[in-house]
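We did not get these values from a lab; they are worked out from the coordinates using the rules stated. Treat the numbers as computed from the prediction; the structure is a model and nothing was measured. Here the Cβ is made from the backbone with ideal geometry for all residues, glycine too, and neighbour counts use every protein chain on show.
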Amino acid sequence: MNQRPDNDNRVLLIDDEPRVLSTLCRTLRSSDVEVLTAPSGDKAMRIIESTTLAAVLSDQCMPGINGTTLLSNVRRIQPEAIRIMLTGSADLNVALAAVNEGGANHILLKPWSDNAVRSVVLESVDEFSRKAAKRRSEAAALSHRERLRQVNADLSRRIELTAAELTTAHDDMLTALVMALDSRERQSAGHSQRVALYCLYLANRIGIDQGFLENIYRGALLHDIGKIGVPDAVLLKPGPLSPAERKQVEKHVEFGYRVLSRVDCLRNSMCIPLFHHERVDGRGYARGLKGNEIPIEARAFAIIDCYDALRSARPYKPPMSHAAACGIIASDAGTRFDASLVELFMQEAASTWDSLADASERVCSTAEAIDVCRRTAEVAISTPA
Ligand SMILES: [Fe+2]
């Protein structure tokens with residue numbers, strides 16, 4: 001069927017009487033139709049099986065395959081072709097059989113009028129042609145929709161891949177940046193990655209919505225990015241800072257905020273860099289916010305930041321034990337730190353923070369960090385402090 005050449009105006013005439021065939025051909029000669037003829041049902045079948053036909057006009061009484069059977073075959077093989085029965089009998093039963101069994105669309109009686117034949121055949125060809133055009137249009141629309149669906153699916157796949165690649169590149173860029181920042185203050189190597197993981201863990205325990213964890217992790221990772229604006233002579237000064245130098249250092253929170261506000265993908269990670277030196281008693285900087293005015297992730301981070309500083313070795317001090325660091329943090333609960341967050345922090349065993357510190361050296365992406373915190377929490381729950 002699919003190999004048939006497309007042609008919307010081809011008509012097959014079938015009659016075992018050559019005279020009838022030639023008369024019918026003459027009747028249709030001046031019409032815009034391509035006429036094929038067959039002198040028997042068997043020969044007609046070969047054409048029907050191999051050629052697209054707009055209409056089939058068949059005599060009823062023929063030796064071999066009769067008209068009703070032939071039209072029935074046309075309906076089976078080419079259901080779109082219009083079927084016309086030509087019969088010399090005005091018997092109602094013959095007409096009913098032609099319609100019911102042969103699926104005839106029209107019945108013409110012999111003797112026929114040329115106008116009636118021409119009119120029925122041309123109308124049939126028109127009808128076939130309209131339906132064929134509609135089918136082609138629907139097929140083209142379907143094909144177009146399918147192409148669009150494929151293009152959309154392909155685009156979605158590419159966007160997902162690009163987003164994944166961007167996330168990886170983004171994480172790599174952040175890791176490289178914080179490593180550069182930490183190595184500038186040589187004594188605090190690994191500090192940013194540790195506090196980022198600690199903060200993410202604590203945020204998770206606080207119950208902060210999962211959708212914010214990525215922003216919190218990145219904010220913690222970049223909490224001191226503003227220090228790139230503090231001169232080496234001040235940042236790396238071994239002795240105590242003068243009041244003016246202290247002011248310069250304090251500006252790192254506002255500077256970090258300005259830097260991050262220019263980066264679309266980090267705009268939601270600015271809370272910790274901007275507010276991590278605020279105190280709940282309002283004596284912090286840069287805004288002097290009090291209590292719950294300070295975003296909760298920045299209040300949590302302030303505890304974490306202090307804890308890591310106390311637990312880390314400095315040229316001027318050895319690392320402090322977990323218990324000693326917790327003692328100092330507890331003494332600042334309600335003044336420097338949020339008391340309820342200090343309490344939550346204290347509930348974690350030293351081994352939890354030590355485990356996170358170890359993991360921070362291997363974590364390369366936000367997704368990995370979230371996964372490490374989830375697994376650490378599972379261990380912490382099964383082995384309480
Ligand atoms: Fe800072």
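Give the lysines reachable from Lys227 as a straight Cα distance under 19 Å; neighbours fewer than 8 places away on the same chain don't count. Filter leaves Lys237, Lys247, Lys251. Spacing of the modelled spin labels on Glu80 and Val263, each 7 Å from Cα toward Cβ, amounts to 6.1 nm. Label sites at Asp32 and Leu96, each approximated as a point 7 angstrom past Cα along Cα to Cβ, lie 4.1 nm apart. Subtracting the Cα-Cα distance of Met173 and Ala140 from 0.36 nm times their residue separation leaves 7.1 nm of extension gain.
Here is the list for segment 278-351: trypsin sites (Lys or Arg not before Pro) lying in DSSP coil, each with at most 15 other C-beta atoms within 10 angstrom of its C-beta, are Arg283, Arg287, Lys290. For segment 7-102, trypsin sites (Lys or Arg not before Pro) meeting the loop criterion (DSSP other than H, G, I, E, B) and having at most 14 other Cβ atoms within 10 Å: Arg29.
Taking every full run of DSSP H in the chain, the ones that stretch at least 27 Å from end to end by Cα along their long axis and average -1.0 or higher on the Kyte-Doolittle scale are 114-184. Backbone geometry of segment 278-284 corresponds, through the Karplus equation with coefficients 6.51, -1.76 and 1.60 at θ = phi - 60°, to 3J(HN,Hα) couplings of 6, 10, 5, 8, x, 9, x Hz, x marking Gly and Pro. Under a model in which nothing but the beta-carbon of Lys, Arg (+1) and Asp, Glu (-1) is charged, segment 10-140 shows a dipole of about 320 debye around its Cα centre. If you bin all the Cα-Cα distances of the chain at 20 Å, starting from zero, the percentages per bin are 22, 28, 7, 12, 22, 8, 0. Computed packing ranks the peptides 262-269, 238-245 as 262-269, 238-245, most packed first, by mean other Cβ atoms within 10 Å. Projecting the Cα atoms of Leu155, Leu122, Leu200 onto the charge dipole of segment 92-202 (Cβ charges, centred on the Cα centre) puts Leu122 farthest toward the positive pole. Taking the Cα centre of the chain as origin and assigning +1 to Lys and Arg Cβ atoms and -1 to Asp and Glu Cβ atoms, the resulting dipole is close to 680 debye.
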